[in-house]
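Note sheet for the following structure.
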Amino acid sequence: MTENRADNGFGAGSTDNDSPKANELLDILGKYEEHNAKSRNSTSAFADGAGIPVAADGHATVENAENVSSGPSLRKIPAGGHFSSDESEDFVQEQAVNSGKRAEVSVTDGTEKDVVPEDNTKTKSQTIRCDFEFAPQTDEPEDEADSSSKSEIELLRKKYKQAKHRNRERKKKGSVTVSLVKALIYITAVILLSLFVTFGFFGIWPGIVPMANDVFAFVKDNREIIVDVDSGISTSELASLLEERGIIEEKKVFEFYVMFKYEDANKEKLENRTDSGAEIKPAEEKGLVSSIFHLGGQFIGAMFFGSSIDEKYDNSYIAGEHKLNSNMNYDQILSELLYTKYTREEITVTVPEGYGVDQIIELLVSNGIGEKDEYVKVINEYPFKHEFVQELEDMGYPENRKYRLEGYLFPDTYIFYEDADEVTVINKMLNNFSAKFWDEYERTYKSACDEAGFTFDEVITFASIVQYEGKNFSDYECIAQVFTNRFKSSSYPFMESCATVQYFLEERHPILTAEDIAIDNPYNTYLYEGLPPGAICNPGLDAIEATIYPDMPSEVLKEFDISKAYFFNSDLAGNIYYAQTESQHSRNKSKADKVNEQVINGTYVEEEEDEDDRIAELA
């Protein structure tokens, strides 16, 4: 049987009376509360003169409010005794007589009573107020019964406090246990939820890590797989096919990725396609919040409820066989299936040594790279940033120079994209010149150029003439030596180079006539002293170096029976003849005319070189 009690510090309100411990605590509580009630009653003030019970250890104090020299008067109340209204009056009267002052008694019901001295003399100078308080009695011995009662009360109080302490400890331990259990449940739930979100669970949710690996192909094997895509296949069908062939692992994730990509990123319009693929439909413009809710709903539907992707996100995939790989990410897969491959065609162009600007432009345009007018504009006007171009700008160009950058389009084999613009093409050639010559100019060539009295632009112009006149490096050295000899001789102020005349002719002539040589043009070195206004072609590195370091081998001097050469001429067969005097030069020209006639008639037979001569040349 249980009995409901109010919680008095021992635990819950419901207590089992059959428990000895509970009964003991209830008894202690009852006795303690009974004692407290008695104590409260004994400390109440008296009323209407009735007998007032006083606590066993209490006493009453009557205090003279003012002008009592002996201080507060104290009257002891016997243990267990009473202090009646009459007694209080007598006590106050006694105090009034002794002090000669007016006195009054105050009782609990608020009534006041005057007390006058025995001589019936009323004084109004002072009123004595009677109040009561109770304090422990220390100067009178307690009897045995009172002592026993007090010990019992003290024991009950001690047991009560101990019981309350034990109860608090039980509550504290119980609270800690409950908190630990709650914390354990919370931590377990968080761990399980994290594992579920991160790694998924048995087809309910794929997990963030597996999804990310499938989308971005972080860790996937490397297998080439041929996939045959049917015409008109939907995104859902394609996802099933890719999952079946082992290219992707999460069909629904792929579907949602396609939807998401072309909801947000498909603002870029793809090029129109014909049979190889159609234009992907761009998504409608939406607000940010609307898009988030829309995509979120689509994602939840696709992941948890198996809903299919909206038809408007189906794209026209390129039908046919596609070579895919299991390590492809989603973007690579879609790129393969959606976009017609666009390959920029590369074109290889070889610019021969000695080609002029006009010839180079014609070569590039004939290969479908750039336009002629744009090339001319770029070569003459575009502000290239190369150091040597800046120095050319600082030095200034002759007014009658045909092409600003003639001589600097370095001859070589180049690979260009067919859609390359004119600036890109010319810039690539200038880069090559810088790498092949200019980077070494200061360290390797400048001192020799300064010694010869040439700027680097004059060296390039000189080298272009040497390049045009010769056929190989040995020719370049000898021809450069002939022109150097003429520059140093006051007897031959003109270079008299046929190559410079060919440069300004509208059409180049195999053999120059007297009329050609007589044309007045700044580039005509038969009529104008020194170098022409600019280069006449774009020389290679051999011609440039031969110009900087000219040389006439002793074998050549011996062959033509000369000590120094001031003239040279050549024939259509490529033979070069050197002479020291004008008479020798005339004889060489006659030899060249005979060979030219044979070449034109097709009767020329090249003389076989003596074996000893070949061995000597190789040595």
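In this structure, does residue 532 turn out to be in contact with a Phe, Trp or Tyr (Cβ under 6 Å, 6 or more places away or on another chain) and either under 20 Å from residue 485 (Cα atoms) or open to solvent by 70 Å² or more (accessible area, probe 1.4 Å) (or both)? Judged against the criteria, residue 532 is a match. Here is the figure for the stretch 378-424: residues that are within 42 Å of the chain's Cα centre (by Cα) and either farther than 19 Å from residue 354 by Cβ or not hydroxyl-bearing (Ser, Thr, Tyr) (or both) total 26. For the stretch 573-588, the tally of residues that are surrounded by 15 or more Cβ atoms within 10 Å (Cβ to Cβ) and either touching a residue at least 40 places away in the same chain (Cβ under 8 Å) or assigned to a helix (DSSP H, G or I) (or both) stands at 5. Scan the stretch 438-459 for residues that are within 20 Å of residue 532 (Cβ to Cβ) and among the aromatic types (Phe, Trp, Tyr) and the total you get is 2.
Of the numbered criteria (1) under 60 Å from the mean Cα position of the chain (by Cα); (2) crowded, with 17+ Cβ neighbours inside 10 Å, the one residue 549 fails is (2). Every test in (1) out of contact with any helix residue (DSSP H, G or I) (no Cβ under 6 Å at 6 or more places or on another chain); (2) closer than 30 Å to residue 597 by Cα is passed by residue 429 save one, and that test is (2).
For residue 496, the conditions (1) over 60 Å from the mean Cα position of the chain (by Cα); (2) open to solvent by 40 Å² or more (accessible area, probe 1.4 Å); (3) within 30 Å of residue 387 (Cα to Cα) are fulfilled apart from (3). Report whether or not residue 564 is assigned to a helix (DSSP H, G or I), out of contact with any Gly (no Cβ under 7 Å at 6 or more places or on another chain) and within 18 Å of residue 474 (Cα to Cα). No: the conditions fail for residue 564. Quick check: is even one residue across the stretch 504-520 among the hydroxyl-bearing types (Ser, Thr, Tyr) and surrounded by 17 or more Cβ atoms within 10 Å (Cβ to Cβ)? Checked the stretch 504-520: no residue is among the hydroxyl-bearing types (Ser, Thr, Tyr) and surrounded by 17 or more Cβ atoms within 10 Å (Cβ to Cβ). The residues listed here are 404, 344; of these, the one that is basic (Lys, Arg), closer than 30 Å to residue 319 by Cα and not in a strand (DSSP E or B) is 344.
Can you confirm whether the stretch 452-474 contains a residue that is in contact with a Leu (Cβ under 8 Å, 6 or more places away or on another chain), open to solvent by less than 20 Å² (accessible area, probe 1.4 Å) and hydroxyl-bearing (Ser, Thr, Tyr)? Yes, there is a match, as at least one residue in the stretch 452-474 is in contact with a Leu (Cβ under 8 Å, 6 or more places away or on another chain), open to solvent by less than 20 Å² (accessible area, probe 1.4 Å) and hydroxyl-bearing (Ser, Thr, Tyr).
Against the numbered list (1) outside any helix (DSSP H, G or I); (2) under 23 Å from residue 404 (Cβ atoms), residue 544 comes up short only at (1). Just checking, how many residues over the stretch 233-249 are surrounded by fewer than 21 Cβ atoms within 10 Å (Cβ to Cβ) and closer than 12 Å to residue 215 by Cβ? Total meeting the criteria: 1. Residues in the stretch 309-326: is at least one within 19 Å of residue 210 (Cα to Cα), modelled with pLDDT of 60 or more and open to solvent by less than 40 Å² (accessible area, probe 1.4 Å)? Within the stretch 309-326 (the criterion being within 19 Å of residue 210 (Cα to Cα), modelled with pLDDT of 60 or more and open to solvent by less than 40 Å² (accessible area, probe 1.4 Å)), the answer is yes, since at least one residue qualifies.
Could you tell me whether residue 490 is among the small types (Gly, Ala, Ser) and open to solvent by less than 20 Å² (accessible area, probe 1.4 Å)? Criteria not met by residue 490.
Do any helices (runs of 4 or more DSSP H) entirely within the stretch 466-533 hold 3 or more residues that are touching a residue at least 40 places away in the same chain (Cβ under 8 Å) and not hydrophobic (A, V, I, L, M, F, W, C), and if so, which?
In the stretch 466-533, the matching helices (runs of 4 or more DSSP H) lie at 473-488.
A residue that is under 18 Å from residue 449 (Cα atoms), among the polar types (S, T, N, Q) and in contact with a helix residue (DSSP H, G or I) (Cβ under 9 Å, 6 or more places away or on another chain) cannot be found anywhere in the stretch 524-539.
Taken over the stretch 388-407, the residue count meeting the criterion of being acidic (Asp, Glu) and touching a helix residue (DSSP H, G or I) at 6+ places or on another chain (Cβ under 7 Å) is 1.
Yes/no per residue for (1) in contact (Cβ under 8 Å) with a residue 60 or more places away in the chain; (2) open to solvent by less than 90 Å² (accessible area, probe 1.4 Å); (3) within 41 Å of the chain's Cα centre (by Cα); (4) more than 17 Å from residue 460 (Cα to Cα):
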position: 344; (1), (2), (3), (4): yes, no, yes, yes
position: 347; (1), (2), (3), (4): yes, yes, yes, yes
position: 357; (1), (2), (3), (4): yes, yes, no, no
position: 362; (1), (2), (3), (4): no, no, no, yes
position: 365; (1), (2), (3), (4): no, yes, no, yes
position: 376; (1), (2), (3), (4): no, yes, no, yes
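Scanning the stretch 409-422 finds one or more residues that are modelled with pLDDT under 95 and either among the hydroxyl-bearing types (Ser, Thr, Tyr) or assigned to a helix (DSSP H, G or I) (or both).
Restricting the stretch 378-420 to residues that are of a type in the set (Val, Ile, Thr) and loosely packed, with under 11 Cβ neighbours inside 10 Å, the residue that is nearest to residue 547 (Cα to Cα) is 413. The set of residues in the stretch 161-187 that are open to solvent by less than 80 Å² (accessible area, probe 1.4 Å) and either touching a Gly at 6+ places or on another chain (Cβ under 7 Å) or of a type outside the set (Val, Ile, Thr) (or both) comprises 163, 164, 167, 169, 174, 175, 179, 183.
The values are calculated or read from the model by the stated rules, or taken from the named source; none is laboratory data. Worth saying up front: this structure is predicted, and the values here are computed from it rather than measured. In this analysis, Cβ positions are derived from the backbone assuming ideal geometry, glycine residues included, and neighbour counts consider all displayed protein chains. To get the accessible areas, we keep the full protein, side chains included, count just its heavy atoms, and leave off ligands, DNA and RNA. Shrake-Rupley method; radii C 1.70, N 1.55, O 1.52, S 1.80 Å.
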